[in-house]
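One structure is given here, and the rest of the page talks about it.
The values are calculated or read from the model by the stated rules, or taken from the named source; none is laboratory data. Computed from a prediction, not measured in an experiment: that's the story for all the values here. Here the Cβ positions follow ideal geometry from the backbone for every residue, glycine too, while neighbour counts run over all protein chains shown.
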Amino acid sequence: MPYTVDAGHFQYETDLVNFTHQVIGSVHTDALFVPNPTFKVGVTNNADLEVNVPFAGVHTFNTATAASGTLWSVGDTFVRSKINLWGNDGGDTAAAVIPYVKAPSAPIGIGNGAVEGGLIGPITFSLADSFTLLLVPEVDALKDSAGSGRHANLIFDINLSREVIKNVTAYVELWSDYNDDPVVKTTQMSFDVAVAWVFVPNAQVDFGANFGLNSATPAIQVYTGLSQRL
């Protein structure tokens, strides 16, 4: 979302459990993030600073060779700054820019050992019947899987949401990711659903599932999360 944490305030968001299952050929990969916290602090009334450091586990199993392996570690560290361009305090639209950099704090096997970065540009529109449309374009500069070169990675989200009962909001989303790696170019796509419940003021839990729409995308990702503003 394009909204920022107010100056002097703090917010945390975390996946309590985030599980992904993917099959590529004979290789089955399960990834688990427990937890996956993001800490946010308001710097000004239209800009905040965000840090994300997950704890991740990855298990791989090859059905052709019966080889398997499991690795647990702290993941890569993401540092972002969200800068609201307009709509932070109301209106029918809101937009922000979110530059970020990734520091390679994860071991090889969970991360790729490279410093990477990108720019995210969320924009929301208030629609009829209390629907909200969220568009999230993203462009990343990623390390090539072979050599030291860099390539573009392009992500686009289309998210539609609406409060269905008091304090409960439902979401549907189409997500795509085009990775222009010169070794292997891939396109991932998923259909995503989620529900968020504001159970006390300034605190929310959410539950969601993402379903891969092609063979390059994880078949399923399920998660539950918690966020609170202080």
Are any of the residues in the stretch 147-165 surrounded by fewer than 16 Cβ atoms within 10 Å (Cβ to Cβ), of a type in the set (D, E, K, R) and not in a strand (DSSP E or B)? no
Quick test for you: out of V5, V58, pick the one residue that is more than 17 Å from the chain's Cα centre (by Cα) and either part of a loop (DSSP other than H, G, I, E, B) or more than 21 Å from Q221 (Cβ to Cβ) (or both). V5
Which residue, of T38, T14, is in contact with an Asp or Glu (Cβ under 7 Å, 6 or more places away or on another chain), surrounded by 16 or more Cβ atoms within 10 Å (Cβ to Cβ) and within 27 Å of A203 (Cβ to Cβ)? T38
All positions within the stretch 158-193 that are more than 24 Å from G121 (Cβ to Cβ) and in contact with a Ser or Thr (Cβ under 8 Å, 6 or more places away or on another chain): E163, A170, V183, V184
For the stretch 70-79, indicate whether the set of residues that are small (G, A, S), out of contact with any His (no Cβ under 8 Å at 6 or more places or on another chain) and in a strand (DSSP E or B) is non-empty. yes
Given (1) closer than 19 Å to D157 by Cα; (2) within 18 Å of the chain's Cα centre (by Cα), where does E116 come up short, assuming only one miss? (1)
Given the criterion assigned to a strand (DSSP E or B) and within 22 Å of Y223 (Cβ to Cβ), identify the matching residue among T132, T187. T132
Sort out which residues of the stretch 44-55 are assigned to a loop (DSSP other than H, G, I, E, B) and closer than 25 Å to G109 by Cα, and write them in order of number. V53, P54
With respect to E116, is the statement that it is touching a residue at least 12 places away in the same chain (Cβ under 8 Å), among the charged types (D, E, K, R), out of contact with any Cys (no Cβ under 9 Å at 6 or more places or on another chain) and under 30 Å from G69 (Cα atoms) true? yes
Looking only at the stretch 192-230, which residues are modelled with pLDDT under 95, not in a strand (DSSP E or B) and not polar (S, T, N, Q)? P201, A216, P218, A219, L230
Looking for whichever is acidic (D, E) and over 24 Å from T20 (Cα atoms) here; the options are D206, D177, D129, D181. Which one fits? D129
Of (1) within 13 Å of T4 (Cα to Cα); (2) at pLDDT 95 or above; (3) touching a Phe, Trp or Tyr at 6+ places or on another chain (Cβ under 8 Å); (4) surrounded by fewer than 19 Cβ atoms within 10 Å (Cβ to Cβ), N88 satisfies all except one. Which? (2)
In the stretch 93-113, the residues that are part of a strand (DSSP E or B), surrounded by fewer than 19 Cβ atoms within 10 Å (Cβ to Cβ) and either under 18 Å from the mean Cα position of the chain (by Cα) or without any contact (Cβ under 8 Å) to a residue 24 or more places away in the chain (or both): A95, V97, P99, Y100, V101, A103, I108
